[in-house]
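One structure is given below, encoded as structure tokens.
The values are calculated or read from the model by the stated rules, or taken from the named source; none is laboratory data. Because the structure is predicted, anything quoted here is derived from the model rather than measured. Using ideal geometry, Cβ is built from the backbone for each residue, glycine included, and neighbour counts are taken over all protein chains shown.
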């Protein structure tokens, strides 16, 4: 019985192969007799507007093209009857098809779809951000009550258990008594820094090594948290998020205007701090100037080249009077609050209970760096340092599985001012 089944299968397989071979030969004949025309016009020659054709219009194009080809064949045969004697212009074309091809218009359609998707996502995120902001403002009354009642706890600082003398959560529970607010006022009093027109916002250097440790770079600090500008004696300001959306926007807009006006000063401060931690600096390769730990030896040469890259940009800005953007750099700022991405509003994620904004300078366009004389090895070293910094931030608890701990102030500024 098995032999009969095998025999039957072999017979059917041979017949199938024979039919397939015959079909291939028929298709091959068609292919060999097919003429492919390319580069047909796809837009109006005067206006450059692309043709937008319906199915019946495509059929009309096929008919018109077929007629034009026949007219051309007749003219050629009339001009040289001997050469074209075997060609009958009226029977030469069996079938003609106009088939749209995937070209740059396909890419345009894809971009339109992408931007439509981004627009929808932006609207969803904008709505979510507004809702979260409302939750913040309601929740923040909890930290105000804790402050008013003198309750030292996790609403005021994630490091509230450390001694008040460290200045993170001072014994007075007054934002003006934090280490950052005091350093900000000292810089103003000593006239060693720069500040906004109201005399309440300034930038100070972070203590640790930028890019090598978990330091973004300069910190913007609110040096006066209860003078009536952004906070009051009854309700001193301890974070960007405070009481209402309008008051959040007020401080955020004030900070962003100050940052924009101080771009060059911020960059000079950043480069000087990097130089301090680079080869030959006063804290050469030290992750923390007060401790002996050094940047991994395999990264030290890359750090030097990264500092060289930024020094070249600063020198080019000095020479040309240009901006950071002209040389491919950009500034972004962040802060921490009572929230981590993916978690409900809860305890403070910040250490210092007064408003402060970590500020980072980064390369947005590697191509534009060339105008400042930056070399490819310097660009490659910068990339290595950024990868190292990203890993350090994750290991320090600012990202990874627990969710991002920083609010992107540039993005928030856009959301809060949309439509205003």
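Points worth noting:
Yes/no matrix, rows are residues, columns are (1) surrounded by 22 or more Cβ atoms within 10 Å (Cβ to Cβ); (2) modelled with pLDDT under 95:
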position	(1), (2)
347	no, yes
353	yes, yes
365	no, yes
382	yes, no
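- When every residue of the stretch 391-398 is checked against the conditions, none turns out to be modelled with pLDDT of 95 or more, part of a helix (DSSP H, G or I) and in the same structural domain as residue 242 (by TED's automatic domain parsing).
- Any hit, the stretch 355-366, residues being farther than 23 Å from residue 303 by Cα and not in a strand (DSSP E or B): yes
- Across the stretch 42-60, the qualifying residues are those that are under 39 Å from the mean Cα position of the chain (by Cα) and loosely packed, with under 12 Cβ neighbours inside 10 Å, and the one among them that is farthest from residue 96 (Cα to Cα) is 47.
- Among the residues of the stretch 64-89, those that are in a loop (DSSP other than H, G, I, E, B) and under 26 Å from residue 40 (Cα atoms) comprise 84, 87, 88, 89.
- Leading residue by the ranking (farthest from residue 215 (Cα to Cα)) among those in the stretch 266-295 that are in a loop (DSSP other than H, G, I, E, B) and without any contact (Cβ under 8 Å) to a residue 12 or more places away in the chain: 280
- Given (1) modelled with pLDDT of 70 or more; (2) more than 53 Å from the chain's Cα centre (by Cα), number of the condition residue 15 does not satisfy: (1)
- Answer from 379, 387 - the residue that is free of Cβ contacts under 8 Å to residues at least 24 places away in the same chain, under 29 Å from residue 311 (Cα atoms) and either part of a helix (DSSP H, G or I) or touching a helix residue (DSSP H, G or I) at 6+ places or on another chain (Cβ under 9 Å) (or both): 387
Quick grid of which residues meet (1) part of a loop (DSSP other than H, G, I, E, B); (2) touching a residue at least 60 places away in the same chain (Cβ under 8 Å):
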residue: 213; (1), (2): yes, yes
residue: 217; (1), (2): yes, yes
residue: 224; (1), (2): yes, no
residue: 240; (1), (2): yes, yes
residue: 247; (1), (2): no, no
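- Verdict on residue 222 being within 21 Å of residue 251 (Cβ to Cβ), in contact with a helix residue (DSSP H, G or I) (Cβ under 8 Å, 6 or more places away or on another chain) and crowded, with 20+ Cβ neighbours inside 10 Å: yes
- All positions within the stretch 263-292 that are surrounded by fewer than 14 Cβ atoms within 10 Å (Cβ to Cβ) and touching a helix residue (DSSP H, G or I) at 6+ places or on another chain (Cβ under 6 Å): 279, 282
- Verdict on residue 208 being within 22 Å of the chain's Cα centre (by Cα), surrounded by fewer than 23 Cβ atoms within 10 Å (Cβ to Cβ) and in contact (Cβ under 8 Å) with a residue 12 or more places away in the chain: no
- Checked against (1) assigned to a strand (DSSP E or B); (2) in contact with a helix residue (DSSP H, G or I) (Cβ under 8 Å, 6 or more places away or on another chain), residue 352 passes all but a single condition, namely (1).
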